[in-house]
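Chemist: Just passing along the structure, written as structure tokens.
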Amino acid sequence: MRDGITLYGIATSRAGRCLWMLEELGVPYRHEPIHFNDGSTRTPAYRALNPNERIPTLVDGELVLFESMAINHYLAERYDGGLRPIGPKAAARALMWSFWGSNEVENLLRPLLRNRLFVPEPDRDRALGDLAASQLEKPLRILDDALADRPYLLGASISVADLNVSHGMFWLMPAGVDLAGHRHVSGWLERLAERPALQKTWGGPRPTMDARNLRPLGEVDPRRGL
């Protein structure tokens, strides 16, 4: 029998999305900041929790979950904290936006950030990074339209949908993506960035690069930059 909540994973990964949620909820938890680059995810003990050998993983009593967005939906439903969508329609919209964020935004953030920030410059594929930036224009326009008449994705109040969709997007401007043409997205990100729970996760007012996340010069990327 395991006691309490434990979250595995460093804050400068998708685990940061779950740390943000835990801080918003104000529930006690233990953080095990294991890193994806140092072999910690490939130990037998960790593989027993997450056979994918990835982070994050959440343990809450006897429940073990992986996938950061699923973890956040569980936490919102289980502990609420004002982030749980009320009613089946709002819950469905929160899921819709979460799946949309994963499919339409994060799939493009990966090649963008790898080739503009997270690998040494000699190993970057500039064309791939530029292509991802241009392809992000469509989802950014869709998101901007959705936020035109509301401060948050589900309406007047922040919800799990906002945490799930926004988390990786705070790196857009450091990666050279101009949000001037998407003022509703920009304002939404600014509102979220002011939240104390997120700043506690970041350790300051803005996300910072963890040098351990940088791929060593010349190291083969198994995803070929994707």
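The values are calculated or read from the model by the stated rules, or taken from the named source; none is laboratory data. Bear in mind the structure is a predicted one, so any value in this text is a computation, not a measurement. Methodologically, a virtual Cβ is constructed for each residue, glycine included, from the backbone with ideal geometry; neighbour enumeration extends over all protein chains shown.
Chemist: Residues that are of a type outside the set (Gly, Ala, Ser) and under 19 Å from Phe99 (Cβ atoms): list the helices (runs of 4 or more DSSP H) wholly contained in the stretch 131-208 that include at least 3 such residues.
Modeler: 137-146, 160-166
Chemist: Is it fair to say Thr57 is of a type in the set (S, T, N, Q), modelled with pLDDT under 95, within 24 Å of Met169 (Cα to Cα) and not assigned by TED's automatic domain parsing to the domain that holds Leu154?
Modeler: No: the conditions fail for Thr57.
Chemist: Hey, can you tell me all the residues within the stretch 109-140 that are touching a helix residue (DSSP H, G or I) at 6+ places or on another chain (Cβ under 6 Å) and either charged (D, E, K, R) or over 19 Å from Phe170 (Cα atoms) (or both)?
Modeler: Passing the criteria: Arg116, Arg124, Asp125, Leu128.
Chemist: Search the stretch 76-87 for residues that are closer than 14 Å to Asp60 by Cβ and pair each with any residue that is modelled with pLDDT of 95 or more and of a type in the set (Lys, Arg) when their beta-carbon atoms are under 9 Å apart and the residues are at least 6 apart or on different chains.
Modeler: Ala76/Arg84; Glu77/Arg84; Arg78/Arg84
Chemist: For the stretch 110-133, give me the residue count where each residue is hydrophobic (A, V, I, L, M, F, W, C) and at pLDDT 95 or above.
Modeler: Selection size over the stretch 110-133: 6.
Chemist: So which of Pro28, Pro33, Pro56 is surrounded by 17 or more Cβ atoms within 10 Å (Cβ to Cβ) and touching a residue at least 12 places away in the same chain (Cβ under 8 Å)?
Modeler: It is Pro56.
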